Amino acid sequence: MKIVVCIKQVPKSDSVKIDPKTNNMVRDNVEGVINPFDKNAIEEALRIKDQLGGEVILLSMGPDGYMSSLRDGLAMGADRAILLSSRAFGGADTLATGYPISQAIKKIGGVDLVLLGRQSVDADTGQVGPIVAEYLNVPQVTFAEELRFVDEHTLYGQRLLDGATQSVQVTLPAVVTVRSELNTPRYETPVNIQTSFEKPIDVWTEHDLDLDATRIGQAGSPTTVQKVYAPKREGRQTVQLSDDSATAVKELLARIRN
Amino acid sequence: MVEPTSLQLITKARAIANGQRVVALLPTSDADQTVATVKQYGPDEILVLADDRFAAATDTEIADGLYQVVEQVQPNSMLIPATVVGRSVAPRLQAKLQTGLTADCLDVYFDGETLVQVKPTYGDDIMCEIICADRRPQMATVRPNVFQAEPAQTATQVTNVDFEFHPEAHIKMEKPTPIISSSANISDASVVIALGRGADNPQLIEKAQKLAARLGGMVGVSRPLTDHAEFGHESQIGQSGQSIAPDLLINFGISGATQYLVGIENAKTIVSVNTDPDAPIFTKSDYAYVGDANDFMDALMARVK
Amino acid sequence: MENQEKMAASMLHRMVREFTENELAPLDMEIDAQGDYPQGLFQKVIDNGLLTMTLPREYGGAGFSYDSVAKAIHLMAIGNASMAVTLEGHFKTLEQLLKYGDQRLKDEYLTSAAHRIFAFSQTESSGGSNPRGIATRAVKSGDDWIITGDKIMITNGGLAQVYCVLAKTEDDQMAVFVVDQDMPGFSFGKREDFIGLRGTPVGEIVMDHIKVPGYHLLGQIGQGLEIGNNAHDDARILMGAVLTGIMEHELQIAVDYSKQRKALDTPLYELQTIQEKISEIAIARQNTELLYQHAAQLKITGQSYAQVAAMAKSYGSRSAVRCGDMALQVLAGYGYSREYPIEHLIRDARAMEIAEGTVERMSGEIALKQVNQ
């Protein structure tokens with residue numbers, strides 16, 4: 001079983017600020033961690049490997065700094081990692097991300113299952129999984145909260161919709177995006193941390209892939225961010241209610257019912 | 001049943017359309033019922049993709065059907081609910097159309113014929129305005145309940161679209177099963193009555209349970225009350241307990257220790273009741289009542305049936 | 001590759017921080033109340049490979065350097081000092097096997113350190129702090145040794161399965177032997193009911209004519225005290241780390257509280273008397289950290305580290321108790337309440353003014369070293 005887990009490195013949540021002078025995001029010294037949902041995806045891949053054998057390959061697209069997250073994934077137990085990194089890939093939106101990722105998966109070859117977290121906690125798009133599935137022309141199961149192998153080629157899954165669950169059965173190859181309810185990601189053990197440095201992280205540029213240059217980077221991105229700003233944050237303004245309980249309740253209900 | 005967010009988006013589209021036609025795309029297995037519902041919100045046109053198989057269709061099958069219609073209609077923009085299904089179908093459709101899609105928008109508006117898509121990132125810490133300058137359609141999925149659906153009267157044109165349902169091989173989807181939450185989780189409750197040391201007596205606890213039931217909510221506790229048999233770790237609110245984000249939180253006899261406060265940061269409306277006017281909980285509350293918990297609880301019970 | 005070592009250490013520290021926050025810290029008060037680790041917790045520690053941080057790769061360990069491991073212990077102690085001390089007891093013992101053990105012994109025993117705790121036992125009911133006064137005897141019998149005696153106050157006593165035992169031979173020489181709980185004649189004795197570090201078991205073992213093979217001797221006959229002292233030194237580095245962690249926790253509580261509360265209309269942290277206390281705790285914490293880290297650096301670079309290790313434990317334990325008391329005062333009524341864990345932290349720290357050599361003995365060692373310089 002060959003499993004590719006697409007991961008993304010995101011800033012640790014309390015590290016993100018807007019520079020009030022330039023209105024741009026402050027990117028220096030922001031600690032990067034594996035997107036939490038991707039950790040669930042890596043964990044699921046490792047469980048499948050524990051159960052059915054095979055290989056878990058991590059795949060990511062981004063700057064060199066992303067290697068630390070790939071290293072963390074290897075320290076969880078993945079076998080090898082590939083980073084798509086090049087100026088040419090920079091400035092990509094979801095479409096121009098999904099394309100090189102799917103080309104990389106095709107180059108890896110013989111991939112049975114592609115796993116991703118349901119969305120990243122920075123951009124929150126959740127689009128790359130379905131885009132990759134479309135480019136690979138395979139079925140997708142999104143927002144999976146339960147996964148089970150019926151046999152080596154057939155995966156049973158349960159999606160969590162808004163207020164409902166939905167069962168699905170799919171024959172591999174397929175793309176699956178996972179929810180955090182799916183599993184609890186394992187810790188990187190001290191031994192696995194050390195051995196992670198013995199596992200390869202290959203860096204591929206646009207020259208290593210079969211690519212249409214007009215579909216990557218900024219050129220391949222239909223969307224652009226025209227403005228970024230910090231939303232106005234209001235602290236809570238405390239309203240003192242009347243001393244008399246009956247009046248206080250009346251005041252309260254009047255306000256919150258509006 | 002029509003996804004309520006779709007109806008909200010029809011209203012929003014009508015509000016920002018500025019002369020453009022608002023067309024509802026309706027893949028459905030129950031055309032009569034769904035068309036009747038959608039009509040009430042006044043789109044200029046409803047394009048019906050009718051097929052029984054839409055009752056349990058895969059994301060790809062839906063995207064494929066929509067793709068055929070979009071190729072025919074060539075819209076300027078598309079708004080899709082950012083529900084699980086919407087967020088799964090839209091990017092698949094985006095890839096087929098080779099266009100731009102912005103997910104989970106909090107607002108959309110037109111600047112000429114460019115759709116400006118406003119979305120939060122980094123967990124709502126930062127707002128982005130995104131545009132899709134050249135490709136068409138400009139696509140956006142929009143968060144549920146950001147906009148209100150308003151019924152409207154228009155002469156809505158209803159058309160059955162000529163399309164072909166292409167069943168997807170190698171995948172079988174079942175019909176969705178609604179979740180009836182029996183053992184509800186306090187972190188999902190929309191109303192929480194929280195009790196602290198100042199409310200630690202049997203009568204108050206009993207009243208709180210009754211009040212919670214009336215409000216359709218649950219009772220939670222700060223750490224000291226987890227000594228009670230009926231309040232385990234799953235009822236505990238705070239750093240070592242649950243984080244809650246209810247629409248309404250009423251704190252009784254809770255002083256507001258940091259360990260508690262971190263569990264309630266995202267509550268929408270916080271009401272706090274405490275005899276101590278200096279209790280830190282008040283600085284984090286929207287409404288403060290300095291006085292006896294019993295009095296306030298009785299007064300509230302009297303008004304909430 | 002120096003950079004790789006740094007990255008690996010940083011990944012280790014992140015893992016220990018997360019593991020502590022998620023698995024150990026939430027149970028800290030429960031462990032204190034019960035006086036034991038809950039079911040399954042220790043297995044989690046084992047399953048996540050935490051017992052072999054120091055062990056070289058050839059024995060299945062992770063081979064992290066002692067200073068990186070000391071930092072990991074420090075981070076764990078912020079959330080759960082008991083478990084940090086359990087690991088400390090295990091690691092300090094492994095150091096003696098690594099340094100003094102026969103190759104056959106190491107090959108046989110060290111791989112099991114992944115799932116079995118190793119403990120070092122010197123103290124006896126008779127001797128107190130004077131090791132020469134011990135009653136445990138080792139009698140030669142062919143190539144083997146027969147060990148008889150009993151040891152008390154062993155860190156992890158009862159939880160550990162392998163014990164290094166300080167014994168006296170027939171010709172009055174001190175030696176350390178490795179004894180296994182599965183050996184005939186071995187039994188567990190009383191477990192202490194301590195006021196702090198209540199998760200870390202401290203107990204007694206009784207050895208009734210236990211036969212150990214010759215290669216279970218650590219080092220040479222006559223090296224017993226040297227090995228015992230070395231064990232103390234290695235322990236004291238890690239205790240300095242535990243104490244730093246405890247002070248970090250005390251500091252956090254005092255700081256958070258002072259931000260939250262007001263006296264009349266002034267936030268507490270703006271009051272000078274509060275600032276003094278917070279500042280003292282911060283300085284003591286920093287000092288202890290520097291001491292244990294320096295001692296660890298001296299150890300891994302092959303230099304003499306006994307003095308600085310003693311300072312780390314002596315200064316650290318006194319400070320942690322004193323700072324805990326200061327933090328308690330910052331919280332005033334709430335500090336005296338069991339709702340906040342301050343008193344628990346003081347009780348935990350207090351143990352280390354005694355364990356691994358009392359602070360009085362530390363003073364003696366440090367002063368005499370200065371005198372004999």
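So here's what we get for this one:
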| read-out | value |
| --- | --- |
| Lys, Arg +1 and Asp, Glu -1 on Cβ, resulting dipole of segment C:2-114 about Cα centre, debye, nearest 20 | 300 debye |
| Partner lysines for B:K96 [C-alpha distance under 28 Å; skip if fewer than 8 residues away on the same chain] | A:K2, A:K8, A:K106, A:K107, A:K227, B:K12, B:K119, B:K172, B:K175 |
| Ranked C:M326, C:M183, criterion: other C-beta atoms within 10 Å, fewest first | C:M183, C:M326 |
| Cα-based shape type of segment B:191-303, given that a ≥ b ≥ c are square roots of the gyration tensor eigenvalues and the cut on a/c is 1.5 | rounded |
| Test item: Cα-centred dipole of segment C:226-371, Lys/Arg +1 and Asp/Glu -1 on Cβ, debye | 60 debye |
| Shape category assigned to segment C:2-114 from the gyration tensor of Cα positions, a/c cut at 1.5 | oblate |
| Filtered GluC sites (Glu not before Pro), segment B:227-279: DSSP coil and at most 14 other beta carbons within 10 Å | B:E230, B:E265 |
| Within segment A:2-226, percent of DSSP bridges classed antiparallel, to nearest 5 | 40 percent |
| Ascending count of other beta-carbon atoms within 10 Å, so fewest first, for C:Y59, C:Y37, B:Y289 | C:Y59, C:Y37, B:Y289 |
| Simple Cβ-charge dipole of the protein assembly as shown, Lys/Arg +1 and Asp/Glu -1, about Cα centre, in debye nearest 20 | 900 debye |
| Listed residues A:D162, A:D244, A:D210, most fluctuating in chain A (Gaussian network, C-alpha, under 10 Å) | A:D244 |
| On Cα atoms only, tilt of A:36-52 relative to the major axis of chain A in degrees | 40 degrees |
| Choice from A:A246, A:A45, A:A174 with maximal GNM fluctuation in chain A (Cα, 10 Å cutoff) | A:A246 |
| Cα-based helix-to-principal-axis angle, C:81-100 vs chain C, degrees rounded to 10 | 30 degrees |
| Reachable lysines, given that their alpha-carbon falls under 19 Å from the alpha-carbon of B:K305 and they are not under 8 places away in the same chain | A:K250, B:K207, B:K210 |
| Estimated 222 nm signal from helices in the protein assembly as shown, with DSSP H stretches of n ≥ 4 weighted -39500 (n - 2.57), rounded to 500 | -12000 deg cm²/dmol |
| Residue-count net charge about A:G157 - beta-carbon cut-off 9 Å; Lys, Arg +1, Asp, Glu -1 | 0 |
| Relative contact order (%) - criterion: Cα under 8 Å, at least six apart; region: chain B | 14 percent |
| Between helix C:224-260 and chain C: long-axis angle, C-alpha atoms, 0 to 90°, nearest 10 | 20 degrees |
| Relative contact order, percent, segment C:118-222 [alpha-carbon distance under 8 Å, six or more residues apart] | 31 percent |
| Whichever lysines have a C-alpha closer than 18 Å to that of C:K259, once near sequence neighbours (fewer than 8 apart) are set aside | B:K284, C:K277 |
| DSSP-loop trypsin sites (Lys or Arg not before Pro) across segment C:326-357, with at most 13 other Cβ within 10 angstrom | C:R338 |
| 3J(HN,Hα) from dihedral phi, segment C:183-191, Karplus parametrisation 6.51/-1.76/1.60, rounded to Hz, x for glycine, proline | 6, x, x, 8, 8, 8, x, 6, 9 |
| Choice from A:V225, A:V191, A:V56 showing the highest fluctuation, given a GNM over chain A with Cα pairs closer than 10 Å | A:V225 |
| B:H233, B:H170 arranged by Cβ crowding within 10 Å, fewest neighbours leading | B:H233, B:H170 |
| Farthest positive-ward along segment A:163-238 dipole, Cα basis, beta-carbon charges - from A:V178, A:V203, A:V228 | A:V228 |
| Shape category assigned to segment B:35-192 from the gyration tensor of Cα positions, a/c cut at 1.5 | rounded |
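Values quoted throughout were computed directly from the atomic coordinates according to the rules given, and no laboratory measurement underlies them. Owing to the predicted nature of the structure, the values given are computational and were not obtained by experimental measurement. FYI the Cβ positions are ideal-geometry reconstructions off the backbone, even for glycines, and counts take in every protein chain you see.
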